[in-house]
Amino acid sequence: MTRVPRPVNEAARLQALHSYDILDTAAEASFDSIVNLAARLTGASASMISLIDAERQWFKARYAIEETEAARDTAFCAHAILNPDQMLIVPEALDDPRFAENGLFLGGSRMRFYAGQPLVSSEGYALGTLCVIGPQPRDVSEDERYTLKVLADSVMTTLEFRRLARIDALTGLPNRGAFMVELDKQLGLLQQTGKPVCILYLDLDGLKRVNDLNGHEVGDRLLRQVALSLRSMLAAKDIVARIGGDEFAILVQQDSDIAALAERLRVLLRDSMRALGWEVTASIGAVTLTALSVDGATALREADRALYNAKRSGRDRVVCRTIETEADMQR
């Protein structure tokens, strides 16, 4: 099987896709209605909302299709995302060198016809497609193209509204709710994989003084700069969120010495703030959970306790805790 080319912005595209937290979620009536309409209004045999992950296409919704996913390199949609501004139309797969040897069967019939409208994020990344398919060669009318475009826009509008509900408007980082969802997910995996869950809880020292002297507009600019600095200092897979006010939390995904990472962040933040003329530092609480079964609220509370100890012992410092048992939470 020939490997389908990847978009030049593939890493950023995948990061955008994952920011919607939509992969492997349950079926939903709103999306099911869209694929039903797409098939009926275009006269197609089947329809899908197809999202292109690293090595697979996954169907958020499907009409007249049993499969829930397929290999990316068999996916017509993997070709469609290469040109986000265009609908990919394949009137006859056997006449197209990209698909003639594909032999892809969905719903028991070989795909001969395909039309896919890219689902494009607000940043311009093609996440997948709303597509219609069929076992007989055919073309797509202008009215049918318009229908697919409108329905694809509806899919993205829904996804964008959901993502916005999880994004902090000031910094563009995930908000507290989004962070808690991911933290609970990682804590659940801890019980299955044994991989420790590491949280850094960070509070800015000196922001109130900046606000008092310069106004909240300057304070907001400082918070945005902190968000950018944190994002640039961490690995792409680490999850950085603004919890509220001048508090940030990081769910560390990289394998590293957490105490050393927290100390490096503290120093880099202090130095970057000074370089911009702000006497602002960070106190950081670092918690590693290795085995204990707790929920996200409890885990974050323990990180907050470590943060409180960092501030109480002089600010601009790191306090680390490792929690393995119930007794560790009482110390």
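Pairwise inverse Cα distances across segment 122-271, averaged and inverted, put the Kirkwood hydrodynamic radius at 18.7 Å.
Dividing the mean sequence gap of close Cα pairs (under 8 Å, 6+ apart) by how many residues the chain holds gives a relative contact order of 13 percent. Between 217, 160, 69, the Gaussian network model of the chain with springs among Cα atoms under 10 angstrom shows the greatest mean-square fluctuation at 217. Solvent-accessible surface of the chain, taken per residue with a 1.4 Å probe and all protein chains present: 47 Å². Rounded to whole Å, the principal axis extents of the Cα atoms in the chain read 73, 46, 35, largest first. Expressed as a whole percent, the accessible area of the chain that falls on carbon and sulfur atoms is 51 (1.4 Å probe). Compared with the alpha-carbon gap, the fully stretched path from residue 96 to residue 264 is longer by 55.1 nm at 0.36 nm per residue.
The Cα-based radius of gyration of segment 215-331, divided by its Kirkwood radius, gives an Rg/Rh of 0.97.
Grab every C-alpha pair in segment 137-203, bin the distances at 5 angstrom width from 0 up to the longest one, and report whole percents. Calculated P(r), rounded to whole percents: 3, 13, 13, 13, 12, 11, 9, 7, 7, 6, 4, 1, 0.
Projecting the Cα atoms of 47, 262, 252 onto the charge dipole of the chain, computed from C-beta unit charges around the Cα centre, puts 262 farthest toward the positive end.
Among the lysines, select those whose C-alpha is under 24 Å from the C-alpha of residue 195, and discard any that sit fewer than 8 residues away in the same chain. Correct list for residue 195: 185, 237.
The charge dipole of the chain, taken about the Cα centre with unit charges on the Cβ atoms of Lys, Arg (+1) and Asp, Glu (-1), comes to about 740 debye, rounded to the nearest 20. Ordering 81, 25, 239 by the projection of their Cα atoms onto the charge dipole of the chain, which places +1 on the Cβ of Lys and Arg and -1 on the Cβ of Asp and Glu, puts 239 at the extreme positive end. For 146, 114, 308, the ranking by accessible surface with the largest value first comes to 146, 308, 114, using a 1.4 Å probe.
In a GNM of the chain with a 10 Å cut-off on Cα contacts, which of 313, 256, 229 has the highest mean-square fluctuation? Between 313, 256, 229, it is 256 that shows the largest mean-square fluctuation.
Highest mobility in the GNM of the chain, judged by mean-square fluctuation with C-alpha springs under 10 Å and restricted to 174, 84, 137, is found for 137. If I take R0 = 41 Å and measure r between the Cβ atoms of residue 71 and residue 165 in this structure, what FRET efficiency does the formula 1/(1 + (r/R0)^6) give, to the nearest 0.05? That pair, residue 71 with residue 165, gives E of 0.80. At q = 0.12, 0.16, 0.20 Å⁻¹ the log10 of I(q)/I(0) for segment 20-143 amounts to -0.39, -0.71, -1.17, computed by Debye summation with a single uniform scatterer per C-alpha, solvent ignored.
Taking θ as phi - 60° and the Karplus parameters 6.51, -1.76 and 1.60, the scalar couplings of segment 268-273 work out to 5, 5, 4, 5, 5, 5 Hz in sequence order, x denoting glycine and proline. Using the Karplus relation 6.51 cos²θ - 1.76 cosθ + 1.60 with θ = phi - 60°, the per-residue 3J(HN,Hα) values for segment 212-228 come to 5, 7, 10, x, 6, 5, 5, x, 5, 5, 4, 4, 5, 5, 4, 4, 5 Hz, with x marking Gly and Pro. In summary, the lysines within cross-link reach of residue 208, defined as a Cα separation below 27 angstrom excluding same-chain residues under 8 places away, comprise 311.
Across segment 1-90, how large is the tail of the calculated P(r) beyond 18 Å, expressed as a percent of all Cα pairs? That tail contains 48 percent of the Cα-Cα pairs.
The values are calculated or read from the model by the stated rules, or taken from the named source; none is laboratory data. Fair warning: this is a prediction, and the values are worked out from it, not measured in the lab. Positions of Cβ are generated from backbone atoms using ideal geometry, with glycine treated the same way; all protein chains shown enter the neighbour counts. What goes into the accessible areas is simple: the full protein's heavy atoms, side chains included, and nothing from ligands, DNA or RNA. Shrake-Rupley method; radii C 1.70, N 1.55, O 1.52, S 1.80 Å.
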